[in-house]
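Okay, structure first, notes after.
The values are calculated or read from the model by the stated rules, or taken from the named source; none is laboratory data. None of these values were measured; they are calculated from a predicted model. A quick note on method: Cβ atoms are made from the backbone with ideal geometry, for glycine too, and the neighbour counts reach across all protein chains shown.
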Amino acid sequence: MATEQMDGGRALIRALEEEGVEVMFGLPGGAILPVYDPIIDSSIRHILVRHEQGAGHMAEGYAQATGRPGVAMVTSGPAATNIVTPLCDAHLDSVPMVVITGQVPYAAIGTDAFQECDTTGITMSVTKHNFLVAEAQDIPRAIKEAFHIATTGRPGPVLVDIPKDIVDPANPRSAMEWTDDVEMDLPGYRPATDVDAAAVAAAAELIRAAERPILYVGGGILKARAAEALRQLAELTGIHVVTTLMARGAFPDSHELCLGMPGMHGNFTAVTAMQESDLLITLGARFDDRVTGRLDGFAPDAKIVHVDIDGAELGKVRRPDVAIHGDCRLAVEALVAEFTANGTGDADRGAWRSRISGWQERFPLAYEAWQPGQALKPQYVIERLRDLNPDDTIVASGVGQHQMWASQYWTFDHPYTWINSGGLGTMGYAIPAAIGAKAGMPDRTVWAVDGDGCFQMTAQELVTATVEGFPIKVALLNNSYLGMVRQWQEMFYEERYSEVFLSKDVPDYKLWAQSMGCEAMRVDDPDEIDAAITKANEIDDRPVVIDFRVMAEEKVFPMVPSGATNSDLVVPPSQADLPR
Amino acid sequence: MNINDPEYRYHTLVVTVENKSGVLARVAGLFARRGFNIESLAVAPTDDERFSRLTIVVDLESSPLEQVIKQLDKLVNVVEIRELHPGYAVERELMIVTVGAEPDRRDELVEHLDRAGGKVLSVGADRMMLSLVGPPDRVDDFEDLLRPFGIVELQRTGRVALAVLDEDA
């Protein structure tokens, strides 16, 4: 067995190289300093961010676009606390990510040393697992275990906290012996994979018998790389598919069986088809409150088949009639094999199909036409972006109205083209996530769809994009408001607008973007939209920001009000009087 | 099983965890975050130094047992969870208690103690320190008996438990 004397800092970088890490995002500081020295000689490209939160979201965007784990490295104390938000975001959206934090020297832990914080304690509830490494010799194993845990089972973020003394070559505690075969020691970690054949057969029976089945598809399908298997299952059975906010692109929007996004701002047909269904075939989804609306009124007649790799999701919210605990791709492939061998049954679904097509005809996504004198229609901006970009464009989004419009009006025909913060709802996610996606997929067009509230939270990472050479494009849907909060205040707080107006004049987004090295444009007139997008797409040597001035009064519809059931979906005013 | 029946409201889990720093915090943190209530908790190393064993009595009024077990199982340091059904577990708890014991009432106190199978640990001028090991309900009963004497200080360990041996095995 080959062994080599080295220090913990070099061993850490070597261990990352052995895991196949090509890009990492980070910002150095005191406690992590010794690990930054060997980066100079490493094959890993390090992207220097402007704020540690940016590093975390970039690692997430990289992971969401590529399927490979994102890696971020920051120092101790405030850097560690700054990356807590991305960790929590990745935890809720099951994003594989490894975060390395510096820590004060081992002997100083617990003394309130400079830039000390209890990083593993703080991040315990927002990571899949975390480690505080005590000895240099343990570094390679901790890194191997971190990547294994982050990428297997239900993926998630893992944090590795590294005290300075075990990576500092000047400290004898950093001496260690590198060996090529490090064994993991995880006696309590046994992620489920295989699926139970009897459960698959029972699920197939329910599916054959169902007259109003719906494939309720969540982000787990993407995590399981199961989009192709899902397509086979849908086409073989002829069952319609809804794709949740986390699953947009897992099934092509332009497919005749695709009903689009369900949930609080889902389209009428997706929401109503789930609500009226007699069988929800739930694949890697978790009955999130944004999908179910008021739980006791959700899909009252539906039996549930629930496939999830995380056993704790089975029965957490809605009791399944058949639970399949395991990998989504294996489960879907097993169902395809079962239906191929033994047929899909002869349930009569003609009436169901005509009800669905009736809803689709009567209740398409809709907004009122633009009138002269008005600011831009945000939905129209998204439609033009969609139509003027290649269909494999990656779209990253912040959180709020612009996120919902992007999800509604874009046509997602490919998996891993939609990157957003679903579970945590992290404002400011778009720009760093788009940079991470571009780092992982440099040949693809990457657009960040952002709001002005979000933009002001993480815009500084456009400096990172310029300096590090990531020519992302930002479509800023600027309505001068915290738009989603404004919408709730208009609809549910009697138009009493409290602390939601930002400013019409400051900042000057065009000047700001230019100062960060971006090409910048401002668009007020609908006739200028196409030219601006076309110009943005011709620029590939720096980031582009387009400040689209959109209507503040525009609201996201349909909408299930908080506390209402999905049967009480509020449709746009133009559809309010139509028979359901 | 009716969990509203007081007998079944509390359920015992015997959880084997890796003997690493912070593991108890992970378990306690999980219970706090998910809103699970712990009725009692006992922790000690096992015969294998790599592992510790937690005996956790869970209050099922706060959340279904299935969720508690599944969420615990997701903790990477949790190696094994055994669920001890009420009635199929041998449970023991240790109580140490200091009670008022004026000379004229000592005989009565010692009589209670003998009947319960407890021990005298220390005797003072007007107080006695006693201990009792037994099933939790018997420890409860004994505590009630002592109350009229005046409990000065009392400490219970929380229960530990193992499954009843199978006679057929």
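Worth a mention:
Yes/no matrix, rows are residues, columns are (1) under 16 Å from the mean Cα position of the chain (by Cα); (2) more than 10 Å from every other protein chain (Cβ to nearest Cβ):
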| residue | (1), (2) |
| --- | --- |
| B:A44 | yes, yes |
| B:F51 | no, no |
| B:D59 | yes, yes |
| B:L65 | no, yes |
| B:L72 | no, no |
| B:N77 | no, no |
| B:E80 | no, no |
| B:H85 | yes, yes |
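- Taking the criterion of being touching a His at 6+ places or on another chain (Cβ under 9 Å) and not aliphatic (A, V, I, L, M), the residues of the stretch A:71-122 that qualify are A:N82, A:T85, A:P86, A:D89.
- Residues of the stretch A:295-329 that turn out to be surrounded by 20 or more Cβ atoms within 10 Å (Cβ to Cβ) and away from every other protein chain (no Cβ under 14 Å), as a count: 12
- Some residue of the stretch A:483-497 being aliphatic (A, V, I, L, M) and in contact with a Leu (Cβ under 7 Å, 6 or more places away or on another chain): no
- Annotation: of all residues in the stretch A:108-153 being among the small types (G, A, S) and more than 14 Å from chain B (Cβ to nearest Cβ), the one that is surrounded by the most Cβ atoms within 10 Å (Cβ to Cβ) is A:A136.
- Residues in the stretch A:376-405 that are assigned to a helix (DSSP H, G or I) and under 21 Å from the mean Cα position of the chain (by Cα): A:I382, A:L385, A:R386, A:Q401, A:H402, A:Q403, A:M404, A:W405.
- Odd one out for A:L222, checked against (1) within 23 Å of A:A72 (Cβ to Cβ); (2) in the same structural domain as A:V35 (by TED's automatic domain parsing); (3) not polar (S, T, N, Q): (2)
- When residues in the stretch A:509-538 are screened for being touching a residue at least 24 places away in the same chain (Cβ under 8 Å) and assigned to a helix (DSSP H, G or I), 11 of them pass.
- Count of the stretch B:72-90 residues which are in contact with a strand residue (DSSP E or B) (Cβ under 7 Å, 6 or more places away or on another chain) and buried (at least 19 other Cβ atoms within 10 Å of the Cβ): 8
- Any hit, the stretch A:502-516, residues being more than 24 Å from A:D89 (Cα to Cα), aromatic (F, W, Y) and touching a Leu at 6+ places or on another chain (Cβ under 8 Å): yes
- Only listed residue being farther than 30 Å from A:N420 by Cβ and of a type outside the set (D, E), chosen from A:A11, A:A55: A:A11
- Near pairs, Cβ below 6 angstrom, 6+ apart or cross-chain, from the stretch B:18-37 (in contact (Cβ under 8 Å) with a residue 60 or more places away in the chain and within 10 Å of another protein chain (Cβ to nearest Cβ)) to any residue that is part of a loop (DSSP other than H, G, I, E, B) and surrounded by 17 or more Cβ atoms within 10 Å (Cβ to Cβ): B:E18/B:N77
- Any hit, the stretch A:463-472, residues being in a helix (DSSP H, G or I), crowded, with 22+ Cβ neighbours inside 10 Å and of a type in the set (V, I, T): yes
- Residue tally, condition in contact (Cβ under 8 Å) with a residue 60 or more places away in the chain and of a type in the set (G, A, S), over the stretch A:454-468: 1
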